[in-house]
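Novice: Could you have a look at this structure, given as structure tokens, before my questions?
The values are calculated or read from the model by the stated rules, or taken from the named source; none is laboratory data. Predicted, not measured: the structure shown is a model, and the values here were computed from it. Every residue, glycine among them, receives a Cβ derived from its backbone with ideal geometry; neighbour counts consider all protein chains shown. Just the protein is used for accessible areas: all its heavy atoms, side chains included, with ligands, DNA and RNA removed. Shrake-Rupley method; radii C 1.70, N 1.55, O 1.52, S 1.80 Å.
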Amino acid sequence: MSYPGYPPNNQGFPGQPGVQQPGSQLPYPPYPGGNVGQQGYPMPSAYPPGQPSYPQQSPYPPQAGQYPPQQPGQFLPQSGTYAPNPSMYPPSAVPSQYPSSTVGVQYPSTVPGQYPPQASPYPNAQLPSGYAPQSAAYPTQSTYPTQSAYPPNQPATSVYPNMTAGGYDSSSRVPTQAAYPPISTPAHYQPLSSTPTQKKSNPTVRPVNPFDPRRDAEILRKAMKGFGTDEKSIIQVLAHRVNSQRQEIAVQFKTMFGKDLISDLKSELSGKFEDLVVALMTPTYDFLAKEIHNAIDGIGTNEETIIEIICTASNAEINNIKMAYHKLFGNDLEKELMGETSGSFRRLLVSLCQGQRNENTFADVASAQADAQNLLQAGELKFGTDESTFNMILCSRSFCQLQQVFLEYHRLTGRDFEDVIKSEFSGDIENGLRAIVKSVRDKSSYFAKRLHESMAGFGTNDRALIRVVATRCEIDMVEIKNAYMSMYGKSLEADIADDTSGDYKKCLTALVVG
């Protein structure tokens with residue numbers, strides 16, 4: 001069989017145009033001019049299987065006649081020379097995989113590393129009948145990400161995880177944190193400033209600067225030496241130093257004079273003034289541990305003192321009090337409290353003694369709404385009260401989170417949460433839960449009330465008065481004074497002056513005024 005336009009070749013030599021070899025299929029006539037393959041026909045692998053990004057016959061202008069002979073290494077269509085387009089030829093690890101439609105025609109070189117390496121060959125495309133199957137398919141340019149798909153300053157060899165419905169592909173390596181955009185706060189989180197917040201601490205007694213503990217030790221020694229005692233000098237030093245500075249003075253006093261400062265003060269002072277000065281000279285957590293021990297020692301238990309100290313303390317304060325208690329009395333504070341209390345109140349104290357309250361500074365609104373619903377179901381919507389739900393939420397949530405919970409509860413019911421506590425509980429558990437609620441909302445108001453109760457009525461609860469003034473003067477006494485004035489219409493200093501006298505009054509006033 002011969003093709004039209006070509007003279008037959010009767011020599012029968014393979015590789016010559018116009019000769020059909022027995023058993024062969026000729027899908028296309030050979031090119032004139034000798035641009036043929038080994039058998040005289042175009043190489044089947046030279047024709048891409050219809051991929052749109054591969055050079056086809058169409059990029060070349062149509063010609064009325066035959067293609068002119070091509071020189072090795074260049075394309076010479078009728079209308080001038082066409083520069084090769086590198087982007088039309090995908091890279092390959094083996095250069096010999098590229099097909100060649102003409103003898104000697106070279107493909108433009110590719111830049112190594114320009115495209116990510118292929119993990120596996122792409123599946124072969126469907127070939128028209130008559131084409132030999134491809135040994136490997138060639139991906140199109142569109143399958144490779146552009147340079148902009150990679151974050152800036154990221155090494156080209158890094159592998160980014162593929163996001164799927166279940167998360168990151170386990171075979172991928174997670175890029176560095178710098179490769180990701182900055183993390184933004186979720187929409188359902190609110191910063192602490194967007195919810196009712198605790199007022200900033202503002203003490204009346206601050207660390208003195210410059211501080212000379214040796215000089216202070218000499219002043220105290222001189223004030224107690226000889227006949228009589230200079231109480232004014234003692235007040236001037238101790239009421240204007242923070243507790244940590246007082247401990248340094250005690251160390252210098254013992255170093256310089258070989259005597260214990262607290263013992264000397266006890267021997268020179270008396271009454272409530274002595275109690276106040278000893279409280280000032282005792283390390284803070286030792287003092288609070290002694291106050292709890294005094295509240296549970298002997299007959300009966302002073303639950304108000306326990307509530308004031310435990311229910312208002314932070315995690316760090318509770319843990320320090322527990323260590324101080326064990327150091328001073330050799331017993332575990334939690335076990336001591338369990339032995340002196342019972343019922344829901346005991347469970348409340350045990351929960352607080354763990355010192356595991358969340359202390360984050362963000363309120364999760366969705367979680368607060370869920371907690372408000374749970375509290376409503378456990379209280380007002382339930383016959384009786386599920387104390388465990390109240391205990392769990394009030395003892396584990398952060399103060400910031402509890403603020404949001406109280407707001408969500410008010411939105412649901414229109415009721416103040418403290419009023420709910422009053423209606424659902426009674427006795428010590430009520431007082432303990434209300435102390436937590438008050439501390440969450442405004443701790444200074446809680447301690448203002450404690451100070452007022454210590455001086456109200458007949459007589460004075462000097463132990464409570466000394467405890468609150470001696471500890472809170474280094475934390476938030478300015479806020480307590482403001483809250484006291486707002487709540488009772490009288491200054492705290494005035495009420496202290498009316499209820500106390502002598503050096504005891506002078507020292508208390510110095511601590512409150514600053």
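Novice: Show the residue pairs that are 6+ apart or on different chains and have beta-carbon atoms under 6 Å apart, the first residue being within segment 261-281 and at pLDDT 95 or above, the second being part of a loop (DSSP other than H, G, I, E, B) and open to solvent by 20 Å² or more (accessible area, probe 1.4 Å).
Specialist: The qualifying pairs are E268/T229.
Novice: Name the residue that is farthest from C473 (Cα to Cα), counting only residues in segment 236-263 that are open to solvent by less than 20 Å² (accessible area, probe 1.4 Å) and in a helix (DSSP H, G or I).
Specialist: F253
Novice: Go over the candidates G432, G427, G514 one by one and state the one that is open to solvent by 10 Å² or more (accessible area, probe 1.4 Å), closer than 27 Å to S342 by Cβ, out of contact with any Asp or Glu (no Cβ under 7 Å at 6 or more places or on another chain) and small (G, A, S).
Specialist: So the residue among G432, G427, G514 that is open to solvent by 10 Å² or more (accessible area, probe 1.4 Å), closer than 27 Å to S342 by Cβ, out of contact with any Asp or Glu (no Cβ under 7 Å at 6 or more places or on another chain) and small (G, A, S) is G427.
Novice: Among (1) open to solvent by 50 Å² or more (accessible area, probe 1.4 Å); (2) part of a helix (DSSP H, G or I); (3) touching a helix residue (DSSP H, G or I) at 6+ places or on another chain (Cβ under 7 Å); (4) not basic (K, R), where does A372 come up short?
Specialist: (1)
Novice: Given the condition over 29 Å from the mean Cα position of the chain (by Cα), assigned to a helix (DSSP H, G or I) and either under 27 Å from Q401 (Cβ atoms) or modelled with pLDDT under 95 (or both), answer yes or no: does some residue in segment 347-367 qualify?
Specialist: Yes, segment 347-367 has at least one match.
Novice: Mind checking which residues of segment 286-340 are without any contact (Cβ under 8 Å) to a residue 40 or more places away in the chain, within 22 Å of N358 (Cβ to Cβ) and buried (at least 18 other Cβ atoms within 10 Å of the Cβ)?
Specialist: Passing the criteria: I309, A313, I318, N320, I321, K322.
Novice: I'd like to check something: does segment 437-449 contain any residue that is farther than 30 Å from V512 by Cα, part of a helix (DSSP H, G or I) and open to solvent by 40 Å² or more (accessible area, probe 1.4 Å)?
Specialist: Checking segment 437-449: not a single residue is farther than 30 Å from V512 by Cα, part of a helix (DSSP H, G or I) and open to solvent by 40 Å² or more (accessible area, probe 1.4 Å).
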